[in-house]
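**Q** Please see the structure below; I have some questions.
The values are calculated or read from the model by the stated rules, or taken from the named source; none is laboratory data. The model shown is predicted, which means the values in this text are computed figures rather than measured ones. When we count neighbours, we look across all protein chains shown, and the Cβ atoms used for this are built from the backbone with ideal geometry, even at glycine. Each accessible area value is taken on the protein alone, full model and side chains, heavy atoms only, with ligands, DNA and RNA left out. Shrake-Rupley method; radii C 1.70, N 1.55, O 1.52, S 1.80 Å.
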Amino acid sequence: MSRDGTTPLGMREARKLGMTVAVTAREAPERPAILSAHGDRSYAELNAHANRLVRALRARGLAPGDGVALLCSNRAEFAEVYAAALRSGLRLTCVNWHLQGEEVGYIADNCEARAFIADSRFADVARAAAEVAPKIAVSLAVGGAIDGFESYDALLSGESGDDIPDPVLGGTMLYTSGTTGRPKGVYRRQTPPVAGLAVRVGETARLDPATDRHLCTGPLYHAAPLAFNLAGPLLAGAPIALMDGWDAEETLRLVEQHRISHTHMVATMFHRLLALPEERKSYDLSSLRYVLHGAAPTPVHVKKAMLDWLGPVVYEYYAATEGGGTYITPEEWLEKPGSVGA
């Protein structure tokens, strides 16, 4: 609903309030939002669960500006927590689940998390982390039980899934890798205007939510998958298939199964895909029309091999964290192979 609670939100206003998922849920409720090995969600289901989580956290005392730490694998609940934070004014920190308990606890404490939501597959790490983060007031377990944590599903079951009447735009605070000392949180109190890389990605990706599908190949706690594989497609209202751990042939299978049109990869994935010459012939990848890659330079021969295989659908970027320093279309790269992107 709008701010006055009388008329449905339009997409422009919904973006300012973190409610774009709600608009898609209203206009295309049965459209798949999340497809994963741990459960699927339609946009209606994703939206309702996000509303339930907001109400549950508010009932436990959380308010706009408070922090939430999320230790979760690629599953539907990750998207639910993200959507809930975005519409409730909360500050979400997605934590690398490869870290040890004390390291996770440091981040949860440093980001001043009042809620800690953890995947049961990381139960030992989650318990150890909670012990060194005293500011945590609410601890929730996703996908199973964790000693000392409440059940995420049970908590949500007692709340209404109707759209909250008073959304407030929230955001994320991600942490550096900690290569020089402890990881450091990076938080912008004011969202910068959409420009540069984001504009070019939108213009060239041309994501049609009614027909296109996105494949998430990397862990969502990482900034690039979070932005390109979750936030962007959810903003557009498109279906997202989540990989729970990356495998080269599984990528090919999922592209064929879900008729994936868009994805984001890194150079190492290109190497491993190209190392499967026979398997590559066995899958129909004709649905792919936008493969974005970055994070590290891709050798010229690898980039050329990908373009020879998939056609002119491979796009490259650099410096996304800094706002997008370079963006290279297939046509630009083919015009002068090796002069850019190498």
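**Q** Given a 1.4 angstrom probe, what's the average accessible area per residue across the chain, in square angstrom?
**A** For the chain, the solvent-accessible area averages 44 Å² per residue.
**Q** If you take every residue apart from ALA37 with its C-beta less than 14 Å away from the C-beta of ALA37, what net charge results, scoring Lys and Arg +1 and Asp and Glu -1?
**A** Overall, the nearby charge balance is -2.
**Q** Tell me, how many Å apart are the Cα centres for segment 112-135 and for segment 238-270?
**A** Spelled out, the Cα-based centre of one part sits 30 Å from the other.
**Q** A further question follows. Amide H of SER73 versus every other amide H placed in the peptide plane: which residues, excluding those fewer than 5 positions away on the same chain, fall under 5 Å?
**A** Here ASP119 satisfy the definition.
**Q** Would segment 200-342 count as rounded, prolate or oblate if I go by the C-alpha gyration tensor, calling it rounded below 1.5 in a/c and otherwise prolate when a/b exceeds b/c, oblate otherwise?
**A** rounded
**Q** Right, next: Beta carbons within 10 angstrom, averaged per residue: use that to sort the peptides 33-43, 15-25, 245-255, highest first.
**A** Final packing ranking: 15-25, 33-43, 245-255.
**Q** Related question: Please say if segment 37-78 is rounded, prolate or oblate, where rounded means a/c under 1.5 for a ≥ b ≥ c the square roots of the C-alpha gyration tensor eigenvalues, and otherwise the choice is prolate for a/b larger than b/c and oblate otherwise?
**A** Note, shape of segment 37-78 comes out oblate.
**Q** Less than 15 Å Cβ to Cβ from LEU207, Lys/Arg counted +1 and Asp/Glu -1: what total charge do the surrounding residues give?
**A** +3
**Q** Step through the table entries LYS281/LYS304; LYS184/LYS303; LYS135/LYS184, compare each Cα-Cα distance with 22 Å, and write down the pairs that go over it.
**A** LYS184/LYS303
**Q** Can you give the angle from 0 to 90° between the axis of helix 76-88 and the longest principal axis of the chain, with both taken from C-alpha atoms, to the nearest 10?
**A** On a 0 to 90 degree scale, this one is about 60.
**Q** To test your reading of the geometry: what angle, between 0 and 90 degrees and rounded to tens, separates the Cα axis of helix 248-258 from the longest principal axis of the chain?
**A** 80
**Q** Taking a ≥ b ≥ c as the square roots of the Cα gyration tensor eigenvalues, with a/c under 1.5 meaning rounded and otherwise prolate when a/b beats b/c, else oblate, which class fits the chain?
**A** It comes out prolate by the Cα gyration axes.
**Q** List the aspartates and glutamates whose alpha-carbon lies under 16 Å from that of LYS16, not counting same-chain residues fewer than 8 positions away?
**A** Qualifying aspartates and glutamates at Cα under 16 Å: ASP4, ASP163, ASP166.
**Q** Further question: Of ASP153, ASP208, which has the most accessible area and how do the rest follow, probe 1.4 Å?
**A** Sorted descending by solvent-accessible area, the residues read ASP153, ASP208.
**Q** What do you get for the angle between helix 43-59 and the principal long axis of the chain? Use alpha-carbon atoms, 0 to 90 degrees, nearest ten.
**A** The angle comes out near 40 degrees.
**Q** Ignoring ligands, DNA and RNA, what percent of the accessible area of the chain is carbon or sulfur (1.4 Å)?
**A** 52
**Q** With +1 assigned to the C-beta of every Lys and Arg and -1 to the C-beta of every Asp and Glu, and no other charges, what is the dipole magnitude of the chain about the Cα centre in debye, to the nearest 20?
**A** Values: 34 positive and 40 negative charges, 165 e Å.
Around 800 debye, computed over the chain.
**Q** Moving on to the next point. What's the local net charge at ASN110, with K and R +1, D and E -1, over the other residues with C-beta under 9 Å away?
**A** 0
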